[in-house]
Amino acid sequence: MGILILHPKNEKDHNATLEINLDIVAIHGLNGDREHTWTEPKSHKLWLRDFLPDDLPRARVMVFGYDATPIFANSTAGIVEHARDLLRCLVEKREGRDETKRPLIFIGHSLGGLVIKQALIIAERERRYYKHIYQSTSGVIFFGTPHQGSSMADIGTTVARIASTIAHKPDPELLQSLKKGNHILETLTEKFREHHKARPYDIVSFYETRVMRGFKTLIVEIPSALLTPPDETPTYEEQIPVDATHRDMCRFSSNEDKTYKTAVRCIKNIFRGSVMMNIDVKNELYIVPHTVNPHFTGRNDIRRQLNEGLIEDGYGIAKDQQRFVLYGLGGSGKTQMCLKFVQDHRDKFWGIFWIDASSNEMAEEGFMKIAQTCRQEARIESVKEWLSKKEHWLLIIDNADDPKLDISKFFPLGTKGTVLITTRNPDFQKYGSAGSCSVEQMCSEDASTLLLKTAAIQNVSEKERQSAEQVVKSLGYLALAIIQAGAVIRQRLASLEGFCELYSKRKKELLESGRPQSSIEYQHSVYTTWEISIKMIEEMKDNHAVLALELLRLFAFMHFDGITEGIFESARNSPQALVKSTLVADSLLVRVMPLGWDPLAMGNAIRILASFSLITVDAERRISMHPLVHEFSRSRLLEAERSRAWMTSLVTISTANTFLPENEDAKQSKHRKLLLPHIDACLSYSEGQLFSPGPFLEDRAWAAIKFALAYRESYRANAIDLSSKSLEIVETMFPPGDYRHIHAMEMVASDLSCIGKHVESLKLLQRILEFKRGEDKPNETLYAINNVAKIYDMSGEHQKAIDMCNDAMREFQSKLSEDNPNMMRALTIIGSASWSLKKLKVARKCLERVLDFQKRYYGSQSWTVMRELSFVYLAQNQHKKAQILHQEVVNLIKASLGPDDLRTIIAMGDSEKFQSYAVAASLRSTIRRRAKRIMLSKRALEGLRDTQSEVTGTTLDCMETVAMDYFMCGSLEKARIWQEEVVELTIQKWGKDSFYAADALANLKRIRRGIAVRKAVYWWVPNKSLLKKDWLWT
């Protein structure tokens, strides 16, 4: 038995032994042993050995074992004997001079806690032998210790007596000690309270809350597991419930276990408290040129990290010089965090010194001030050498923003002292031996409170609190901007309620008006702070810095989040970059990268911006900016610079938007969807320049056409506005029939068709066909014919579409191969129109041939063709084949476009037509899926109705999806109302005799039949929708 050392593994390692600054000893309970008690059985993890050394590397971790098997045991030893054995083993393990002074923490499970209490009482009484243990004890952690006994011990004693009689052995004293009301236990508890009162230290009591299998009550009841009586308030005892049984409460399978984390936190707190008690520090030197803002608010998460890294770890656990790095955007509050830290912990440092590292000259000036005050030689090295010999000092290095700055040259040598660094450069995290933290935006509540404090608004009403929340939200929760806004309100330059409206019109002027007048607040306005960063980049004068500034200008006209390098790579590699008359060819991006895309140059430029925290880059290399930096980057530009930067950004985004009319490339479609926020932002900053006369008008017009493609795919109404205005410009610049004119006409025709204006679309496409008929270009002519035929099919003239495609295929069969993509497209239109006319064999033959061609030619298949073929299979009663193919369609669309895309929603709605022939999912998952789809469909319909002047097939599909989902969820009346509207609109659009009307009427008939059945058969069942079930939304 005795003590086993779990960490460090090698006791003879002299270096490891020197680093130890804490002893932890764990004592098991009844029927346990020194290893299995603390080992989780499934993972076989002994947390004291496998996890704790990683969190407390400088702690020596030991376990103590004794005979705790009361039944069939040979020993008659009780608590006192085991306590004396524990003290003997500890004395032998702590013989060295440093070891006897080392803080000691006990951990006890169940009976082991009683052994610890008895040992500490003996150590106090017999100090001649155990003085160092008594004085070194910093705290005790109890896991389910029965301070008042356990009712389970009564049962155990009876069993043990029977066993002892059989084995002819004496009664076990351990079980007798654990019985409720036992005089030994009562005496022990009373003596321990007296012992702890004489020398208080921290105590943590974990208590079980789960009953073990086979028992009706807890092994150790909660009142018994706590030292503090129920009618008293705990003073030195932290009481922690554990969601585990008595046996499992001290076993952890992972270092992520909640109770394990709590235990580690308690051990650290006990240790830090003991170390701090032994340190007597008086602040003698305080060279700090600023004071904390009296309105400082919140930031508790960062303050906690600073405390843990510099105060708690700095006093004992750390073995290196403690350096902590605060990094983030200028104006985020890094300097104020330092000042608050100094204010809170001034009495913990003998000396506190401040260095402004905004330049080498300023840093040298700071060191000279320290030298003068402390009577040292006026050299930086002399000050550093002097500090390296001292303990308990704090050196703050503020404004270390220059990426070229070697900040390490300001660190005193050796392992002593504490250094706190503020910087805009995230790369400086590498200097944070005690940690680092990004100082970002404030939380909403703290930001609102800071604004109200700064604005000197007292007795805040709910309305004022709401107004404050709107103000801080508009400022991006940035600390400096909030301080300045508060000053504006305090000076009555704007009211709290009217600030947002005024700010939207005069941002820069308003924030400059709120510039603080003293160092109690901030030295610069928020815009001035960032302008300093810009100036530092300008001073670099290399191509990477020049590109960085150009990128910042372009970012300013995109959305501030989700910017990717791929946008710029597409622009540099686009054909437009080779045409001298285009804006892309004339851009700085091309001049900096004359030989093509250069990822290294781009990476260096981005690194420069990130080093000043003007941008942030996530793990997937997506770039984002704080909204105020985004605004600043635009507002600082002169009018001519702004116009040029906006146009360059416009064209850059448009070149990333692949321009492939009628191309069903899901990857490109998804890419265009990701660009929508940037397109929206860029157009919102156009200031009327998009179609105005001036330079690069052609570039702007083509950008608008490409944006229209992205808008059309997202069912935006302004798609037709962009494409039609672009067509007007193109017609003034190029002759009729020019390929650019034809492309523009095709885009307008597509947009017209998308909003249901098939007649107008048809006129444009027929005009294009006339141009193509006059050329000897069979492939392009067939393409134009297919476009016209497709509109005929969409407008219900299916036979006309079939005839037109058949005639075209015969006309060009001698000039084009059968596998020509446009021949296949003609076959697709024939298949689609044939399906609408219920010519299922023809439709199937055409569509299967097209899919086979696509697989051979492209390696992938069109989901629109697959979708139509699945309906053909369904109409031919090939249910399994139809369901499998349609599920492939759904999976393909969902993977390509995302689950919330309207096309995905409609495809999933179609699945209901196949579901009766497939294995149904569970009721709960099916209904939940339908309920979510109803919500998504309604949201999509709102967008469609806002953006489309006429009802389209897409709108009707979406409406029918909602109707059928309501029907399947039991909301029959809602289903009927929705489907009746679908029928009415379908007849108006396609005619009463159309295939679409027949399908819509069939679904309406099905819903009405369901209502009739409910009334006739299930009239006694409450008419409640499954949508109202609570489990549906969990």
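Overview of values
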{"quantity": "Count of region 787-815 residues which are farther than 24 Å from Thr955 by Cα and in a helix (DSSP H, G or I)", "calculated": "13"}
{"quantity": "Residue list for region 124-141, filter: without any contact (Cβ under 8 Å) to a residue 12 or more places away in the chain and assigned to a helix (DSSP H, G or I)", "calculated": "Arg125, Arg127, Arg128, Lys131, Gln135"}
{"quantity": "Test: residue in region 423-431 that is in contact with a Ser or Thr (Cβ under 9 Å, 6 or more places away or on another chain), buried (at least 16 other Cβ atoms within 10 Å of the Cβ) and either of a type in the set (Ser, Thr, Tyr) or part of a strand (DSSP E or B) (or both)", "calculated": "yes"}
{"quantity": "Among (1) in contact with a Lys or Arg (Cβ under 6 Å, 6 or more places away or on another chain); (2) on the phi > 0 side of the Ramachandran plot - the single one Gln861 does not satisfy", "calculated": "(2)"}
{"quantity": "Residues being of a type in the set (Gly, Ala, Ser), within 17 Å of Gly476 (Cβ to Cβ) and modelled with pLDDT under 75 - total across region 488-514", "calculated": "1"}
{"quantity": "Region 214-244 - residue that is surrounded by fewer than 12 Cβ atoms within 10 Å (Cβ to Cβ) and within 40 Å of the chain's Cα centre (by Cα) and, of those, modelled with the highest pLDDT", "calculated": "Asp243"}
{"quantity": "Criterion violated by Ser654 - all others in (1) closer than 30 Å to Asn399 by Cα; (2) crowded, with 24+ Cβ neighbours inside 10 Å satisfied", "calculated": "(1)"}
{"quantity": "Checking Ser860 against (1) in a helix (DSSP H, G or I); (2) out of contact with any Leu (no Cβ under 6 Å at 6 or more places or on another chain); (3) modelled with pLDDT under 90, the condition it does not meet", "calculated": "(1)"}
{"quantity": "Candidates Lys763, Lys838, Lys855, Lys815, filtered to the one that is basic (Lys, Arg) and at positive phi", "calculated": "Lys838"}
{"quantity": "Residues satisfying the stated conditions in region 355-373, i.e. touching a residue at least 60 places away in the same chain (Cβ under 8 Å) and closer than 14 Å to Gly417 by Cβ", "calculated": "Ile370"}
{"quantity": "So Trp386, is it in contact with an Asp or Glu (Cβ under 9 Å, 6 or more places away or on another chain) and in the same structural domain as Glu308 (by TED's automatic domain parsing)", "calculated": "yes"}
{"quantity": "Condition met for Asp402 (charged (D, E, K, R) and either touching a His at 6+ places or on another chain (Cβ under 6 Å) or outside any loop (DSSP other than H, G, I, E, B) (or both))", "calculated": "no"}
{"quantity": "Test: Phe557 is over 30 Å from Gln470 (Cα atoms), surrounded by 21 or more Cβ atoms within 10 Å (Cβ to Cβ), aromatic (Phe, Trp, Tyr) and modelled with pLDDT of 90 or more", "calculated": "no"}
{"quantity": "Selection count, region 476-509, where residues are without any contact (Cβ under 8 Å) to a residue 40 or more places away in the chain and assigned to a helix (DSSP H, G or I)", "calculated": "13"}
{"quantity": "Leading residue by the ranking (nearest to Met442 (Cα to Cα)) among those in region 312-346 that are modelled with pLDDT of 90 or more and among the β-branched types (Val, Ile, Thr)", "calculated": "Thr335"}
{"quantity": "Residue within region 712-729 that is part of a helix (DSSP H, G or I), surrounded by 24 or more Cβ atoms within 10 Å (Cβ to Cβ) and in contact with a Phe, Trp or Tyr (Cβ under 6 Å, 6 or more places away or on another chain) present", "calculated": "yes"}
{"quantity": "Residue within region 615-623 that is of a type in the set (Gly, Ala, Ser) and free of Cβ contacts under 8 Å to residues at least 12 places away in the same chain present", "calculated": "yes"}
{"quantity": "Leading residue by the ranking (nearest to Ser834 (Cα to Cα)) among those in region 750-759 that are free of Cβ contacts under 8 Å to residues at least 40 places away in the same chain and either touching a strand residue (DSSP E or B) at 6+ places or on another chain (Cβ under 8 Å) or crowded, with 16+ Cβ neighbours inside 10 Å (or both)", "calculated": "His758"}
{"quantity": "Total residues in region 751-772, condition at pLDDT 90 or above and either within 21 Å of Tyr711 (Cβ to Cβ) or among the charged types (D, E, K, R) (or both)", "calculated": "8"}
{"quantity": "Test for Asp819: is it part of a helix (DSSP H, G or I) and of a type in the set (D, E, K, R)", "calculated": "no"}
{"quantity": "Options Leu769, Leu752: the member that is in contact with a His (Cβ under 8 Å, 6 or more places away or on another chain) and within 24 Å of Leu722 (Cα to Cα)", "calculated": "Leu752"}
{"quantity": "Filtered residues of region 316-368 (kept if within 30 Å of the chain's Cα centre (by Cα) and of a type in the set (Phe, Trp, Tyr))", "calculated": "Phe324, Tyr327, Phe341"}
{"quantity": "Number of the condition not met by Asp819 [criteria: (1) acidic (Asp, Glu); (2) under 28 Å from Ala998 (Cβ atoms); (3) under 50 Å from the mean Cα position of the chain (by Cα)]", "calculated": "(2)"}
{"quantity": "Filter result for the condition that a residue is of a type outside the set (Phe, Trp, Tyr) and either closer than 15 Å to Val629 by Cα or modelled with pLDDT under 80 (or both), over Thr564, Thr529", "calculated": "Thr529"}
{"quantity": "Residue in region 114-132 that is among the acidic types (Asp, Glu) and surrounded by 17 or more Cβ atoms within 10 Å (Cβ to Cβ) present", "calculated": "yes"}
{"quantity": "Criterion violated by Glu641 - all others in (1) in contact with a Lys or Arg (Cβ under 9 Å, 6 or more places away or on another chain); (2) surrounded by fewer than 17 Cβ atoms within 10 Å (Cβ to Cβ); (3) of a type outside the set (Lys, Arg); (4) not in a helix (DSSP H, G or I) satisfied", "calculated": "(4)"}
{"quantity": "Ala704 vs. criteria closer than 26 Å to Lys580 by Cα and not in a loop (DSSP other than H, G, I, E, B)", "calculated": "yes"}
{"quantity": "Helices (runs of 4 or more DSSP H) enclosed by region 42-123 - at least 2 residues per element that are under 47 Å from the mean Cα position of the chain (by Cα), under 24 Å from Asp202 (Cα atoms) and not charged (D, E, K, R)", "calculated": "47-50, 52-55"}
{"quantity": "Identity of the residue in region 395-422, in contact with a Phe, Trp or Tyr (Cβ under 9 Å, 6 or more places away or on another chain) and among the β-branched types (Val, Ile, Thr), that ends up surrounded by the most Cβ atoms within 10 Å (Cβ to Cβ)", "calculated": "Ile421"}
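The values are calculated or read from the model by the stated rules, or taken from the named source; none is laboratory data. Note that the coordinates shown come from a computational prediction; the quantities given were computed from them, not determined experimentally. We place every Cβ from the backbone using ideal geometry, glycine too, and count neighbours over all the protein chains shown.
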